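Chemist: Next up is a structure, given as structure tokens.
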Amino acid sequence: MDHQLAFIRYIEAEKRYSPCTVKAYSSDLAEFSRYLEENYDLELEQADSDKIRSYVVHLVDLKFSERSIHRKVSALKTYYKYLRKNGWTRANPALQVPLPKIPKRLPVFVEESRMKCIGEAEVDGEDFTAYRDYLIIEMFYGTGVRLAELIGMTDLDVDVDNRRVKVLGKRDKERIIPFSEHLAAEIVHYRKLRAEKPFPADGTFFITEKGKPMPRHLVYQIVKKCLRLYTSLSKCSPHVLRHTFATHLLNQGADLNAVKELLGHGSLASTQVYTHNTIEKLKRDYASAHPRR
């Protein structure tokens with residue numbers, strides 16, 4: 001079997017990488033393979049550290065972001081680690097390759113006052129599409145779920161009686177997230193509107209006007225439209241609402257470890273990035289309130 005194909009099947013079936021990661025790694029390997037063939041007449045298995053260094057320089061020249069370059073080289077590291085594990089190569093040439101430094105970037109989030117405006121916005125309680133779109137925003141902000149987790153929700157996952165939702169995160173890690181009484185009432189009303197439609201009952205929680213599971217691009221458009229209407233953020237995506245969920249919890253005194261569990265992070269370091277936003281808020285409060293500011 002082709003080594004690249006075997007690798008993709010490995011990370012998909014055994015490592016259980018997300019579909020987005022699998023697609024990205026497959027694309028990254030294909031791009032590097034073309035680069036080797038066009039510039040050195042080599043195959044992936046013949047690359048050494050010098051060739052990967054030159055590839056990094058090539059990516060920099062093409063104006064790829066630092067994060068994109070790190071991800072592409074990470075794909076190569078994982079691939080060559082897989083080859084070495086199976087005895088198809090003696091070393092991992094992607095290790096120790098110098099990479100451009102990633103600039104520190106604070107997570108973008110929506111101010112609490114803006115989220116309050118979104119929550120208080122008038123929405124037609126009899127219009128299925130309008131209310132579904134509203135609930136999507138509320139679900140992101142009320143639970144901090146990822147886009148893939150929201151799309152994958154089933155009716156059985158959303159437990160209104162106990163006010164909690166079960167989601168399947170990265171690497172098929174399951175977690176339970178509580179939600180508010182306010183969100184529970186909105187879920188009940190959404191289900192009422194959905195039940196009035198002649199939709200097939202396939203168990204999916206969020207559905208389109210035709211009763212189909214929500215596609216990623218549609219959910220993305222719904223969030224983008226809402227955030228552009230109520231905020232001046234340059235970045236308007238579902239992940240911004242996840243950042244907002246975490247930042248607002250920490251601003252209100254939530255325990256960092258609790259936020260880590262709610263977000264489904266593998267390490268506390270991933271959650272600590274949100275404390276920077278909290279510190280920035282403290283600085284602003286100090287600057288505006290201290291007598292000797």
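Chemist: Kindly express, to the nearest 10 degrees and within the range 0 to 90, the angle between helix 238-251's C-alpha long axis and the longest C-alpha principal axis of the chain.
Modeler: Tilt of helix 238-251: around 70 degrees.
Chemist: Only Lys, Arg, Asp and Glu count, each charged at its Cβ (+1, +1, -1, -1), so figure out the dipole size of the chain about its Cα centre, rounded to 20 debye.
Modeler: The calculation lands at about 980 debye.
Chemist: Compute the separation of the alpha-carbon centres of segment 57-126 and segment 179-258 and state it in Å as a whole number.
Modeler: Segment 57-126 and segment 179-258 have Cα centres separated by 24 Å.
Chemist: In segment 144-202, carbon and sulfur make up what percent of the accessible area (probe 1.4 Å)?
Modeler: Exposed carbon and sulfur together represent 52 percent of the surface.
Chemist: What do you get for GluC sites (Glu not before Pro) in segment 34-99 restricted to DSSP loop and a cutoff of at most 12 other Cβ within 10 Å of the site's Cβ?
Modeler: Glu43
Chemist: On the full set of protein chains, 1.4 Å probe, figure out the accessible area of Ser49 and give it in Å² to the nearest 10.
Modeler: The value for Ser49 is about 40 Å².
Chemist: How would Asp202, Asp41 rank on accessible area, largest to smallest, probe 1.4 Å?
Modeler: The ranking, largest first, comes out as Asp41, Asp202.
Chemist: Ok, one more. Rg(Cα) of segment 135-217 divided by 2.2 N^0.38 Å?
Modeler: 1.04
Chemist: Hey, another quick one. When the solvent-accessible surface of protein heavy atoms is calculated with a 1.4 angstrom probe, in what order do Tyr230, Tyr17 fall, highest first?
Modeler: If we order Tyr230, Tyr17 from most to least accessible, we get Tyr230, Tyr17.
Chemist: Once phi is turned into θ = phi - 60°, what whole-Hz ³J(HN,Hα) does the Karplus curve with 6.51, -1.76 and 1.60 give for every residue of segment 38-55, x standing for Gly and Pro?
Modeler: Per-residue couplings from phi come out as 6, 9, 10, 6, 10, 9, 3, 5, 9, 6, 10, 4, 4, 5, 6, 4, 5, 5 Hz.
Chemist: Taking the simple approach of a point 7 Å from Cα along Cα-to-Cβ for both Ser68 and Glu209, what is their distance in nm?
Modeler: 3.5 nm
Chemist: To continue, here is another question. Going Cα to Cα from Lys77, which lysines come in below 26 Å? Please leave out same-chain ones fewer than 8 positions away.
Modeler: Within the straight-line cut-off, Lys77 pairs with Lys15, Lys23, Lys51, Lys63, Lys85, Lys101, Lys104, Lys170, Lys173.
Chemist: Identify the residues of segment 106-140 with backbone N under 12 Å of a label point that sits 7 angstrom from the Cα of Ser237 along the Cα-to-Cβ direction, or state none.
Modeler: Residues 108 fall inside that zone.
Chemist: Run the quick spin-label model on Ser33 and His189: label points 7 Å from Cα toward the beta carbon, then report their separation in nm to one decimal.
Modeler: 5.2 nm
Chemist: Here's something else I'd like to know. Provide the descending list of Cα extents for the chain along its principal axes, expressed in whole angstroms.
Modeler: 65, 63, 32
Chemist: When the convex hull of the C-alpha atoms of segment 200-268 is computed, what volume per residue in Å³ does it have?
Modeler: Convex hull of Cα atoms, per residue: 137 Å³.
Chemist: Taking a quarter of the surface of the Cα convex hull of segment 1-152, what do you get in nm²?
Modeler: 12.9 nm²
Chemist: For Arg114, what accessible area in Å² do you get when you roll a 1.4 Å probe over the heavy atoms of the protein chains, rounding to the nearest 10?
Modeler: Per-residue accessible area (Arg114): approximately 90 Å².
The values are calculated or read from the model by the stated rules, or taken from the named source; none is laboratory data. Bear in mind the structure is a predicted one, so any value in this text is a computation, not a measurement. Every residue, glycine as well, gets a Cβ built from its backbone with ideal geometry; the counts of neighbours run over all protein chains shown. Note: accessible area is taken over every heavy atom of the protein model, side chains too, but ligands, DNA and RNA are not part of it. Shrake-Rupley method; radii C 1.70, N 1.55, O 1.52, S 1.80 Å.
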